[in-house]
Amino acid sequence: MENREALRKRFLMDSGWGAAEISRLAQDASFRQYYRLAQNNLRAILMDAPPESEPVQPFLKVTFHLQKLGVRVPEIMFHDTGNGFILMEDLGTDTFTTLLYDGGDELTLYQSAIDVLTGLHSNSRATDIHTGEYDFEQLIGEARLFTDWYLPAAQPQIMQAGHGQRHASYVAAWQTIFNTLPQLDPTLVLRDYHVDNLIMVNNACAVIDYQDALIGSPAYDVVSLLEDARRNISDALSSKILARYFRHNPWTDRDTFMHHYAVWGAQRHCKVAGIFVRLWQRDHKPHYLNHLSRVMKRLENSLRHPALKPLANWCADHNICLTHPPIPVTRPGAHQYE
């Protein structure tokens with residue numbers, strides 16, 4: 001089998017970019033690689049996604065759907081689904097993360113980001129796509145990353161006697177929480193909607209990294225934006241952005257939405273805590289550990305909502321410490337879940 005470099009070169013030749021200057025971009029938390037191309041005063045982005053681990057078909061499907069809905073996403077220029085390559089529009093370097101670091105107006109940027117979601121959530125065609133649902137199986141599969149990865153690293157004593165019972169009661173707590181969620185009209189959930197994946201293009205908010213989109217609660221992407229695992233956001237800013245969301249979606253019941261916001265926030269924080277530890281232990285990316293304290297504080301705050309009482313009780317019953325303890329940034333021996 002040809003190696004990735006040879007396949008990549010052939011794809012660039014076939015797409016007319018064989019003479020391009022190539023610079024590799026920083027890798028994200030996936031197995032995908034991204035490259036910036038420059039040729040004849042033109043620019044493009046190459047996605048290199050090994051098909052066995054990161055199939056590109058979902059990205060293409062969601063991209064074309066979002067374009068129909070009016071969401072600003074990269075234009076697809078050329079693709080090879082069999083080998084896992086996509087040549088797409090280069091949206092530039094003005095990510096919200098970069099703009100905020102350079103002193104950009106935080107309120108303006110977050111207003112632009114929430115306006116994309118309000119437009120998406122008010123569009124009746126948002127769910128007109130064949131993709132999975134954020135059902136309980138999906139919820140618990142992700143929430144289990146907390147017990148499978150985070151807790152064994154942060155509190156190894158919980159892996160001793162009684163682990164099976166702890167795990168079963170953890171799943172049961174989430175089942176109770178999920179079963180009591182009030183009805184809220186579903187929408188397309190992009191799932192990684194935060195400042196790293198938002199880019200300002202001609203004074204408009206563009207979106208990247210949405211290939212894992214599912215049909216689910218509209219609160220999920222809002223909490224992903226406002227309870228970001230990677231940066232602190234003031235309560236005042238969150239309140240202003242939430243008020244703007246409800247003002248633009250006046251038919252949404254605030255109490256029902258905030259119930260979902262707390263539940264999906266807690267689920268996401270459990271998932272992210274597990275992912276960050278897995279990235280350290282399995283994928284040799286320890287820098288994600290820098291964000292764990294923030295994630296755990298956000299989880300602790302979510303558990304104050306009455307809807308999360310079953311999970312709060314589980315933490316108390318099993319002496320789960322929500323104040324993130326130090327985790328040494330030295331990879332231990334092989335993890336039992338590898």
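In square nanometres, what is the average projected area of the Cα convex hull of segment 35-127?
Seen from a random direction, the Cα hull of segment 35-127 projects 7.8 nm² on average.
Using 7 Å Cα-to-Cβ label points, what is the PHE64/ASN202 separation (nm, one decimal)?
Between PHE64 and ASN202, the simple spin-label model gives 2.3 nm.
Using 0.36 nm per residue, how much length does the chain from ASN179 to ARG254 gain when fully extended, once their Cα-Cα distance is taken away?
Between ASN179 and ARG254, full extension yields 25.1 nm more.
Quick one: which residues, 5 or more positions from ILE215 or on another chain, have an amide H under 5 Å from its amide H? H modelled 1.01 Å from N in the peptide plane, none for Pro or chain starts.
GLY132, GLU133, TYR134, VAL189
Need one number for segment 185-338: average projected area of the convex hull over its C-alpha atoms, nm².
That works out to 11.0 nm².
Per residue, how many Å² of accessible area does segment 222-291 show with a 1.4 Å probe?
Values: 2730 Å² over 70 residues.
It amounts to 39 Å² per residue over segment 222-291.
Using a/c under 1.5 as the rounded threshold, could you call segment 1-70 rounded, prolate or oblate? The axes a ≥ b ≥ c are square roots of the C-alpha gyration tensor eigenvalues, and prolate needs a/b larger than b/c, oblate otherwise.
Values: a/c = 1.68, a/b = 1.20, b/c = 1.41.
It comes out oblate by the Cα gyration axes.
Mind grabbing the base-10 log of I(q)/I(0) for segment 172-236 at q = 0.18, 0.19, 0.24, 0.27 Å⁻¹? Debye formula, identical points on the C-alpha positions, no solvent, two decimal places.
The Cα Debye sum returns log10 ratios of -0.82, -0.89, -1.12, -1.18.
Just read off the accessible area of LYS240 with the full protein assembly in place, 1.4 Å probe, to the nearest 10 Å².
Approximately 120 Å² for this residue.
In the chain, carbon and sulfur make up what percent of the accessible area (probe 1.4 Å)?
C and S atoms contribute 50 percent here.
If you bin every alpha carbon distance in segment 207-258 into 10 Å steps from zero, what whole percent lands in each bin?
20, 51, 29, 0
How many percent of the alpha carbon pairs in segment 122-275 exceed a separation of 21 Å? The partial results should precede the final answer.
Numbers: 5996 of 11781 pairs.
Roughly 51 percent, once rounded to a whole number.
Can you tell which of HIS130, LEU99, MET77 lies farthest toward the positive end of the dipole of the chain, using +1 and -1 charges on the Cβ of basic and acidic side chains (Lys, Arg; Asp, Glu)?
The listed residue farthest towards the positive side: LEU99.
Suppose accessible area is computed on protein heavy atoms with a 1.4 Å probe; arrange CYS270, CYS321 from highest to lowest. Provide the component values of the computation, followed by the final result.
Values: CYS270 0, CYS321 55 Å².
The most accessible residue leads, giving CYS321, CYS270.
Would you give the gap between the C-alpha center of segment 231-262 and the C-alpha center of segment 180-230, rounded to a whole Å?
13 Å
Could you do me a favour and compute the accessible area per residue for segment 1-104, 1.4 Å probe, result in Å²?
55 Å²
Once you keep just the Cα pairs under 8 angstrom separated by 6 or more residues, what percentage relative contact order results for segment 191-311?
24 percent
Hey, what angle do you get for helix 106-121 against the long axis of the chain, alpha-carbon based, 0 to 90 degrees rounded to 10?
On a 0 to 90 degree scale, this one is about 90.
Highest mean first, what order results for 58-65, 224-231 on Cβ atoms within 10 Å?
Numbers: 58-65: 18.6, 224-231: 20.2.
By packing density, highest mean first, the sequence is 224-231, 58-65.
The values are calculated or read from the model by the stated rules, or taken from the named source; none is laboratory data. Here the structure is a predicted model, which means the values were calculated and not measured. Positions of Cβ are backbone-derived with ideal geometry, glycine not excepted, and every protein chain shown enters the neighbour counts. Keep in mind that these areas ignore ligands, DNA and RNA; they rest on the heavy atoms of the full protein, side chains included. Shrake-Rupley method; radii C 1.70, N 1.55, O 1.52, S 1.80 Å.
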